[in-house]
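Notes follow the structure.
Bear in mind these aren't lab numbers, they're just calculated from the coordinates by the rules spelled out. As the structure is a prediction and not an experimental result, all values here were calculated from the model. Positions of Cβ are generated from backbone atoms using ideal geometry, with glycine treated the same way; all protein chains shown enter the neighbour counts.
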Amino acid sequence: MATTVCFIIWVLLITDMVWTRSVRQVQVVNEPDVWTVDDFDCPRECFCPPSFPTALYCENRGLKEIPPIPSRIWYLYLENNLIETIPEKPFENATQLRWINLNKNKITNYGIEKGALSQLKKLLFLFLEDNELEEVPSPLPRSLEQLQLARNKVSRIPQGTFSNLENLTLLDLQHNKLLDNAFQRDTFKGLKNLMQLNMAKNALKNMPPRLPANTMQLFLDNNSIEGIPENYFNVIPKVAFLRLNHNKLSDAGLPSNGFDVSSILDLQLSHNQLTKIPRISAHLQHLHLDHNKIKSVNVSVMCPTASAQPEEQDFFSYGPRLSYLRLDGNEIKPPIPMDLMTCFRLLQAVII
C-alpha cells in the first residue's frame, strides 16, 4: 500500500510541476490603480465578468475574427468559433496576455500573421487544438510554457521552430499527421525544460530522434513503431512515464536490455506483438503488457529464488517495487503456477 501511495504522490508531483510551473506566475493579478478607464472597455462580442477583470470570454459566439483585446486581459477564451486568422492588430495593446484558448476554430498556418504571437512577450499557455494547422506555428514567444496542438493536420516541423522555446515544459502534438521524416536530429533543440511530450496517434514507424534531455513523460501510443534503438533512453535519463500502447513492437525490435532503465516508473506496452516479457528495471512500479502474444510467464524470471546470485537475478530480486501488472489478453493458459501466485501476492494488483 505504501508503494502505491508513493507512486501516486510521484505522479501528482510531476504533473504539478508541468502545470503549476506556469500557474504560479499567472495567479498574480495586476493592481487596479495601474489601469486606465479605457482598460475596462469590453468588446461587444464578448463577456467581461466584473469579478474577474483580467479575463475575456468570447467562446461559442460564431466569431470569424478576433476582436480588439483590452490591455488588462490576461486570460482570453476564443474557443469554438469560426476564426480563420490570427492578425497582429487585435493584440497590439494586449501586452499582459498569459493564456489564449483558440481551440476548435478554423485557423491555418497561412492565417497566422508573422509576429502576431511572438509579440506576446508574457504568454505562457497557447491552445490551438482542433484547427487546420499543417505545421507547428512559428515564431512563438520565448515565454511560452505550454503549447497544445492536438487534432490538427500537422505533418511538418520547420527547422528552428523550437530553438528559442527554452521555457516550454509541455508540447502536445497528438492526433496529427506526423511521419518519421518530420524530424531532424536538431528538431527539438532548444527545448531545455521540456517535461511532457505527447505524439500519440500519428503515423510514426520509428522513435523520434534526440529528444530533450529533461523529458519525463513520453506518450507515443497509437503509432506504428516497430522497434527501439539500442541505448535510446540514454539521452532522456529522466523519463519516468513511457506509453507505447497500440504499436507494432516485437521482441526482435527491443534492445538487449529491454526497458531496464532505472528512471522509468510506469511502462505501458499494451496491444503490441511481444511474445515474452522484456527485461525491466527493479524500480518499475506499473507494467502494462495486456493484449500481446505472451504465451507463458517464466517463474525463474518473474520470481527468482532468494538464493540466486545477483548476476543471475532479474528485476524482482533486488527488492521488487512493482505494484501493478497487467497480462490479460495474452495467450497465457491456466493453471498459473502456485509459486508464481505466491510471488504475485507482493503486488497490489495483478490482472492475468
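Applying a threshold of 22 Å to the alpha-carbon distances of Lys104/Lys177; Lys122/Lys192; Lys106/Lys248; Lys205/Lys238 flags Lys106/Lys248; Lys205/Lys238 as lying beyond it. With each label modelled as a point 7 angstrom along the Cα→C-beta vector, the Lys89-Cys42 pair spans 2.5 nm. A simple rule links phi to the HN-Hα coupling: the Karplus curve 6.51 cos²θ - 1.76 cosθ + 1.60 with θ = phi - 60°, which for the range 59-76 gives 7, 6, 10, x, 5, 9, 9, 7, x, x, 9, x, 5, 7, 6, 10, 10, 10 Hz, with x for Gly and Pro. Once you list every other residue whose beta carbon is under 12 Å from the beta carbon of Met199, what net charge do they have if Lys and Arg are +1 and Asp and Glu are -1? Here the count lands on 0. Between Lys238 and Glu134, the distance separating the two model label sites (each 7 Å from Cα on the Cα→Cβ line) works out to 3.6 nm.
In order along the range 285-294, the phi-based Karplus estimate (6.51 cos²θ - 1.76 cosθ + 1.60, θ = phi - 60°) of 3J(HN,Hα) comes to 10, 10, 10, 10, 10, 5, 6, 10, 10, 5 Hz; Gly and Pro are listed as x. Maximal additional length on extending the Asp328-Thr275 stretch stands at 17.8 nm, based on 0.36 nm per residue less the C-alpha distance. List the residues of the range 118-138 whose backbone N lies under 17 Å from a point placed 7 Å from the Cα of Asn164 along the Cα-to-Cβ direction. Residues passing the 17 Å test: 118-126, 136-138. In plain terms, the chain from Lys192 to Asp251 could stretch by 18.0 nm, reckoned as 0.36 nm per residue minus the Cα-Cα distance. Checking every one of the trypsin sites (Lys or Arg not before Pro) in the range 216-306 against DSSP loop status and a limit of 12 other Cβ atoms within 10 Å picks out Lys295.
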